[in-house]
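**Q** The following block contains the structure, expressed as structure tokens.
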Amino acid sequence: GKLAVHINCNDIASCGVEPVGILVTILAPENSCLEDINKIMEEISEEAGKLNIEILGGHTEVTKAVNKMVISCTAIGKGDRNKAVSTSGAKENDDIVVTKYLCLEGTSIAVNDFEEKLKDILTPKEINEAKDYIKYISVVREGVLSGKFGVNAMHDITEGGLLGALWEVAKASEVGFKIYEDKVPLSEITLKICKKYSIDPLRFISSGSMLITTERGRELVHMLENCG
């Protein structure tokens with residue numbers, strides 16, 4: 001439920017506009033019980049409240065067409081006409097900016113799925129901290145702020161990590177890109193996990209971080225820092 005809301009609203013925020021509502025379709029397998037569906041909807045309602053958006057409608061169905069719960073969402077946002085930011089708007093000589101730490105979602109998934117195996121490299125405090133990374137998965141705030149600031153391109157970083165997102169922006173915008181690995185923001189917890197499992201942090205799923213290109217990179221970073 002939490003992911004369904006944030007992943008879809010993040011897509012709207014990457015256009016630089018504010019999400020206002022979401023439509024939710026739940027397809028439940030035949031072995032589901034009402035409590036399963038209620039739990040998902042309670043999560044969706046709670047996360048929608050945090051983003052100050054409405055659940056506008058949707059559909060719930062028990063069907064043998066699926067063997068596990070499937071949630072399909074459509075998010076709706078609003079912004080100034082003709083001012084939406086696109087993936088294809090990056091320009092030559094733009095600065096590349098990312099928000100928060102990279103790999104927040106991947107790190108959280110790894111710790112939740114492999115907690116016992118990670119106890120030999122992470123302290124209990126680090127394990128709890130990594131689990132909490134999922135709380136920062138929304139990029140709505142930085143997306144809306146950057147849209148108002150005026151940037152050339154935005155893309156929320158998901159599967160494929162930073163390199164995957166950069167590839168999509170570069171291909172859509174018909175430009176190349178150069179990044180400096182020493183400037184890539186990664187937490188020590190993420191680095192430990194990536195080392196243990198031989199994961200490339202530049203390709204690790206990174207929902208919770210927005211990729212932005214702009215000719216005013218330092219100015220944008222300063223604005224975002226001032227907004228927390």
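The values are calculated or read from the model by the stated rules, or taken from the named source; none is laboratory data. Bear in mind that the values here come from a model prediction, so they are computed numbers and not experimental data. All Cβ positions, glycine included, derive from the backbone under ideal geometry; neighbour counts span all protein chains shown. We work out accessible area using only protein heavy atoms, side chains counted, and drop any ligands, DNA or RNA first. Shrake-Rupley method; radii C 1.70, N 1.55, O 1.52, S 1.80 Å.
**Q** Given the range 163-228, what whole percent of its Cα pairs are spread farther than 20 Å?
**A** So the portion of pairs separated by more than 20 Å is 41 percent.
**Q** Further question: Taking loop as defined by DSSP and a crowding limit of 13 other beta carbons within 10 Å, which trypsin sites (Lys or Arg not before Pro) in the range 115-157 fit?
**A** Loop-located and lightly packed - Lys119.
**Q** On average over all directions, what projected area in square nanometres does the range 1-132 have, based on the convex hull of its Cα atoms?
**A** 11.9 nm²
**Q** Further question: How large is the Rg to Rh ratio of the range 127-198 when both quantities use alpha carbon positions and Rh follows Kirkwood?
**A** Ratio value, two decimals: 1.00.
**Q** OK, next. So, for the range 7-109, what is the accessible surface per residue at a probe of 1.4 Å, expressed in square angstrom?
**A** 59 Å²
**Q** I'd like the carbon and sulfur percentage of the solvent accessible area for the chain, probe radius 1.4 Å, heavy atoms only, ligands and nucleic acids excluded.
**A** Details: 6400 of 12970 Å².
Carbon plus sulfur share of accessible area: 49 percent.
**Q** Picking from Ser14, Cys33, Leu3, whose Cα lies most toward the positive end of the charge dipole for the range 1-49 (charges on Cβ: Lys, Arg +1; Asp, Glu -1)?
**A** Ser14
**Q** Run through every distinct alpha carbon pair of the chain and return the Kirkwood hydrodynamic radius in angstroms, one decimal place.
**A** Taking every pair of different Cα atoms in the chain, averaging 1/r and inverting gives 18.7 Å.
**Q** Using a Gaussian network model of the chain whose springs link C-alpha atoms within less than 10 Å, name the residue from Ser45, Ser32, Ser146 with the highest mean-square fluctuation.
**A** Comparing Ser45, Ser32, Ser146 in a Gaussian network model of the chain, the most mobile one is Ser32.
**Q** Fully extended, how many nm does the chain gain between Lys125 and Glu46 (0.36 nm per residue separation, minus their Cα-Cα distance)?
**A** Taking Lys125 through Glu46 to full extension adds about 25.8 nm, to one decimal.
**Q** Rounded to the nearest 0.05, what FRET efficiency is calculated for Lys192 and Thr60 with R0 set to 45 Å and r the Cβ-Cβ distance?
**A** It comes to 0.65.
**Q** How much of the DSSP bridge set in the chain is antiparallel, in percent, rounded to the nearest 5? Before the final figure, lay out the partial values.
**A** Details: 17 of 26 bridges.
Bridges in the chain are about 65 percent antiparallel.
**Q** For the range 97-170, restrict the atom set to alpha-carbon positions and state the Rg and Dmax in Å.
**A** Computed over the Cα atoms of the range 97-170, radius of gyration and Dmax are 14.9, 45 Å.
**Q** Longest exposed-loop-site-free stretch of the chain, with GluC sites (Glu not before Pro), DSSP loop and at most 13 other Cβ within 10 Å?
**A** Working: sites that count: Glu30, Glu92, Glu159, Glu174.
Value returned for the longest uninterrupted segment is 93-158.
**Q** Oh, and also: Cys227 versus Lys135, label points 7 Å from Cα toward the beta carbon: distance in nm?
**A** For Cys227 paired with Lys135, the spin-label model returns 2.1 nm.
**Q** Leaving out ligands and nucleic acids, and using a 1.4 Å probe, what accessible area per residue does the range 130-228 come to in Å²? Let's see the in-between values first.
**A** Values: 5280 Å² over 99 residues.
So the range 130-228 comes to 53 Å² accessible per residue, rounded to a whole number.
**Q** Looking at the range 97-228, I'd like the Rg to Rh ratio, where Rg is from alpha-carbon atoms and Rh is Kirkwood's inverse mean 1/r.
**A** 0.99
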